Amino acid sequence: MAARDAIAQGKRITVRAGGHCYEGFVDNDNGVVIDISNMDRIYKDGDYYVVEAGANLGHTYKTLFKEFGKIIPAGSCFGVGIGGHICGGGFGVHSRQYGLSSDYLVGVELVSFNEWGGQANYPRKYFKGQSSQADEVVWAHQGGGGGNFGIVTKYYFKDLPDVPAFVHAQEVAIPWGSLDYTQFAALLKNYGEFWTKNNGPESRFNALHSSMSVPNSVGGSGDIRIQLFSSGDPGLIDEFLDAVFSSTQLAQAKVGLRTSDHMGLQSQEDAPPRPTPPGSYFSLPWWYGTQYNAGPLIGARGKNKSAYMNKPFPESQIRTLWYELRNGDYLSPGGMVQISSYGGQINALSSSDTAVSHRNSVMKLQYQTYWFEAGQDPYHIGWMNNLYEKMYGKAGPVPDGTMDGCYVNYADTDIQNWQYLYYKGNYPRLQQVKRLLDPTNRLNHAQSIEA
């Protein structure tokens with residue numbers, strides 16, 4: 001009804017679920033923002049697990065776990081809304097083991113705009129196998145991005161993975177000041193080579209996820225941190241650390257390695273008694289372990305960029321990161337590059353099986369910086385854009401064998417040729433679905449699919 005009223009008044013429509021978009025795609029001062037965050041039920045309907053599009057990840061995880069013993073391999077931030085996360089692909093710490101969240105999507109219910117001159121239709125369900133048209137609609141919502149085709153009200157999932165019994169976790173810190181360039185280069189090289197070597201869909205390391213955060217070093221301070229999670233053999237953590245720090249150049253850095261003695265749980269009332277570490281890791285029941293770093297940075301302004309990598313870092317990129325993060329003149333500790341493991345079961349599918357076209361990558365990078373004053377926007381965004389251009393040139397991380405484009409859920413309005421960087425060869429097919437569901441472009445933003 002809200003969509004029909006907006007169209008009758010000639011108003012532009014945008015949709016908000018979790019309100020977590022990295023760009024202002026929901027901003028709509030002269031139009032209508034339809035907030036679906038109260039549509040957050042999660043329930044079973046026959047063989048389908050139904051998640052309404054207003055549910056956030058925390059609520060989704062908790063309900064699927066406690067009522068059905070299931071998970072979706074989605075992101076780590078509990079405040080993210082399912083509404084945009086799923087249709088952008090849905091990547092998280094369990095994705096190497098189970099694939100992307102959108103890989104389990106078999107149906108959507110949505111309001112479309114394809115009849116009566118773009119008038120809003122009542123919600124309609126589309127399921128895989130229902131028809132060739134329905135297949136295309138579901139396919140587009142498996143990585144085609146949010147705010148493109150219609151107003152999604154429900155997601156239907158099938159054959160979700162069982163909840164792992166435990167999560168084994170560890171965090172290690174390497175002080176910036178203890179590394180020279182040779183050691184830093186060896187660290188990035190070993191990290192990338194490990195995931196390149198152990199990237200196959202059947203790799204025994206698929207239950208292991210890593211995230212290495214390389215911060216901007218103000219005055220030589222700060223730590224490079226590696227967070228590790230395993231929902232399988234906890235010994236995988238030790239094997240990873242041995243491989244990454246095995247080189248002669250890193251022998252000294254390994255001596256000074258610091259390991260965490262806490263799990264950083266979101267709330268103390270949810271925390272069990274602190275466990276005794278059986279090795280270099282901590283083992284916790286899945287629900288407690290999955291809350292690690294589950295909260296967003298409240299009230300901050302930010303800029304984010306992304307890049308997929310199909311091969312380890314080339315020397316030129318390592319040097320750029322060293323000079324810009326270790327010896328640069330950016331006076332903020334809020335800037336960093338987060339390098340996450342990728343591949344595994346994600347790469348078991350082809351680039352055309354879903355709208356997610358990045359099915360050969362071994363690492364996914366997220367460039368981040370955060371601040372609090374609007375007047376500082378040009379300074380911080382300027383630093384981010386400058387670093388990104390030095391890494392990839394003006395065209396960005398164009399697929400070239402080493403680089404493989406960008407992640408649509410880390411939206412970035414500054415990149416050129418976003419159609420190709422986000423979707424590669426899948427973009428024309430997404431345009432066909434756009435013409436089917438929203439031919440008059442009722443839903444649009446700075447990087448929406450073009451009809």
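The values are calculated or read from the model by the stated rules, or taken from the named source; none is laboratory data. Note that this is a predicted model, so its numbers are computed, not measured. Positions of Cβ are backbone-derived with ideal geometry, glycine not excepted, and every protein chain shown enters the neighbour counts. The protein model used for the area step is the full one, side chains on, heavy atoms only, and it has no ligands, DNA or RNA in it. Shrake-Rupley method; radii C 1.70, N 1.55, O 1.52, S 1.80 Å.
Residue selection: Tyr122 satisfies the criterion of being at negative phi and without any contact (Cβ under 8 Å) to a residue 12 or more places away in the chain. Of the helices (runs of 4 or more DSSP H) lying entirely inside the range 1-106, those containing at least 1 residues that are touching a strand residue (DSSP E or B) at 6+ places or on another chain (Cβ under 7 Å) and basic (Lys, Arg) are 2-8, 95-98. Scanning the range 143-175 for residues that are polar (S, T, N, Q) and in a loop (DSSP other than H, G, I, E, B) yields a single hit, Asn148.
This table checks each residue for (1) within 16 Å of the chain's Cα centre (by Cα); (2) of a type in the set (Asp, Glu); (3) surrounded by 20 or more Cβ atoms within 10 Å (Cβ to Cβ); (4) modelled with pLDDT of 95 or more.
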position	(1), (2), (3), (4)
Ile36	no, no, yes, no
Asp45	no, yes, no, yes
Gly81	yes, no, yes, no
Glu109	no, yes, no, yes
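With the structure loaded, tell me whether Ser246 is out of contact with any Ser or Thr (no Cβ under 7 Å at 6 or more places or on another chain), under 25 Å from Pro175 (Cα atoms) and at pLDDT below 85 or whether it fails that test. Walk me through how you get there before you give the answer.
Working: out of contact with any Ser or Thr (no Cβ under 7 Å at 6 or more places or on another chain): yes; under 25 Å from Pro175 (Cα atoms): yes; at pLDDT below 85: yes.
Here the answer is yes, as Ser246 does meet what is asked.
If you check Phe184, Phe149, which single one turns out to be under 30 Å from Glu115 (Cα atoms) and not β-branched (Val, Ile, Thr)? So that I can check it myself, show each step before the final result.
Details: Phe184 fails: under 30 Å from Glu115 (Cα atoms).
Checking each option against the conditions leaves just Phe149.
Quick check on Gly344: is it surrounded by fewer than 20 Cβ atoms within 10 Å (Cβ to Cβ) and not hydrophobic (A, V, I, L, M, F, W, C)?
On the way: surrounded by fewer than 20 Cβ atoms within 10 Å (Cβ to Cβ): no; not hydrophobic (A, V, I, L, M, F, W, C): yes.
No: the conditions fail for Gly344.
Assess whether Lys303 counts as being in contact (Cβ under 8 Å) with a residue 12 or more places away in the chain, assigned to a strand (DSSP E or B) and not assigned by the TED database to the domain that holds His94. The answer is yes for Lys303.
Looking at the range 125-142, can you tell me whether even one residue there is assigned by the TED database to the domain that holds Phe240, part of a helix (DSSP H, G or I) and more than 30 Å from Asn206 (Cα to Cα)? Checking the range 125-142: not a single residue is assigned by the TED database to the domain that holds Phe240, part of a helix (DSSP H, G or I) and more than 30 Å from Asn206 (Cα to Cα). From the list Pro333, Pro399, the lone residue that is open to solvent by 20 Å² or more (accessible area, probe 1.4 Å), in contact with a Pro (Cβ under 7 Å, 6 or more places away or on another chain), in contact (Cβ under 8 Å) with a residue 12 or more places away in the chain and assigned to a loop (DSSP other than H, G, I, E, B) is Pro333. With respect to Gln317, determine if the residue is at pLDDT below 65 and either in contact with a Ser or Thr (Cβ under 9 Å, 6 or more places away or on another chain) or surrounded by 12 or more Cβ atoms within 10 Å (Cβ to Cβ) (or both). Taking the combined requirement at face value, the residue does not satisfy it. Looking only at the range 349-367, residues that are surrounded by fewer than 21 Cβ atoms within 10 Å (Cβ to Cβ), more than 14 Å from Gln142 (Cβ to Cβ) and not hydroxyl-bearing (Ser, Thr, Tyr) come to 2 in all. Just one residue in the set Pro378, Pro312 is without any contact (Cβ under 8 Å) to a residue 12 or more places away in the chain and either outside the structural domain of Leu236 (by the TED database) or not aliphatic (A, V, I, L, M) (or both); that residue is Pro378. Among the residues of the range 51-72, those that are under 18 Å from Trp139 (Cα atoms) and in contact with an Asp or Glu (Cβ under 9 Å, 6 or more places away or on another chain) comprise Val51, Ala53. Among the conditions (1) open to solvent by 10 Å² or more (accessible area, probe 1.4 Å); (2) assigned to a loop (DSSP other than H, G, I, E, B), Gln376 misses just one, which is (2).
Can you find a residue in the range 348-355 that is at pLDDT 95 or above and within 19 Å of Ser211 (Cβ to Cβ)? Steps first, answer last, please.
Initial filter on the range 348-355 (at pLDDT 95 or above): 348-355.
Within this subset, residues satisfying the condition of being within 19 Å of Ser211 (Cβ to Cβ) are none.
No: the range 348-355 contains no residue that is at pLDDT 95 or above and within 19 Å of Ser211 (Cβ to Cβ).
Considering only the range 12-34, state which residues are more than 23 Å from Tyr407 (Cβ to Cβ) and open to solvent by less than 70 Å² (accessible area, probe 1.4 Å).
Ile13, Asn28, Gly31, Val32, Val33, Ile34, listed by residue number.
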